[in-house]
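One structure is given here, and the rest of the page talks about it.
Just so it is clear, none of the values below were taken in a lab; they were calculated from the coordinates. Here the structure is a predicted model, which is why all the values come from computation and not from measurement. For neighbour counting, all protein chains shown are included, and Cβ atoms are generated from backbone atoms with ideal geometry for every residue, glycine included.
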């Protein structure tokens, strides 16, 4: 009778329908010395659970703190920012000094020559713009002749 009950419990166990009390009953049965011969094959399964319950983990696990990594990353980031600011300041101060020196002449004749050169360049660019406007005027008069007539 007990063998039939154990077989039914095993069937329920493998279907995943047993309760905790029924699983404990199976463990107790298979840990006892009077197990039926045809159920002997299941003894290691339930014996493993009993044995695994007593096992303990004895190795030490090294815990690595993330604070150390974050500290190094923040230090590296601040160094990069400081290098960037220093590089920008170094190269920017040279251009500021050069810009302050532009447009100042001690010799009036040299200043006159530089002014005439700048005005000639400006005149050339204005003349190019006037030529473009003259083409527009020719286009406008041609268009008016074509559409009025």
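Using 0.36 nm times the number of residues separating residue 55 and residue 22, minus their current alpha carbon distance, what extension gain do you get?
On the way: separation 33, 0.36 × 33 = 11.88 nm, distance 2.32 nm.
Extra length from residue 55 to residue 22 when fully extended: 9.6 nm.
For n ≥ 4 DSSP H runs only, could you compute -39500 (n - 2.57) per run for the chain, divide by its residues and tell me the 222 nm figure to the nearest 500?
Working: 5 runs with 115 residues, N = 149.
After summing the helix terms and dividing by the residues of the chain, the value is -27000 deg cm²/dmol.
Is the C-alpha gyration tensor of the chain telling us rounded, prolate or oblate? Criteria: a/c under 1.5 is rounded; beyond that, a/b larger than b/c is prolate, otherwise oblate. Don't skip to the answer; put the middle values down first.
Values: a/c = 12.16, a/b = 2.79, b/c = 4.36.
Verdict is oblate for the chain.
Could you give the angle, 0 to 90 degrees to the nearest 10, between helix 43-54's Cα long axis and the longest principal axis of the Cα atoms of the chain?
60 degrees
Rounded, prolate or oblate for segment 2-75? Axes are the square roots of the Cα gyration tensor eigenvalues, ordered a ≥ b ≥ c, and the cut-off for rounded is a/c under 1.5. Mind dumping the intermediate values first?
Numbers: a/c = 5.30, a/b = 3.12, b/c = 1.70.
Here segment 2-75 falls in the prolate category.
For residue 79 and residue 111 in the same chain, what is the full-extension length gain: residue separation times 0.36 nm, less their Cα-Cα distance, in nm?
On the way: separation 32, 0.36 × 32 = 11.52 nm, distance 4.69 nm.
Residue separation times 0.36 nm, minus the Cα-Cα distance, leaves 6.8 nm.
Run the quick spin-label model on residue 43 and residue 120: label points 7 Å from Cα toward the beta carbon, then report their separation in nm to one decimal.
11.5 nm
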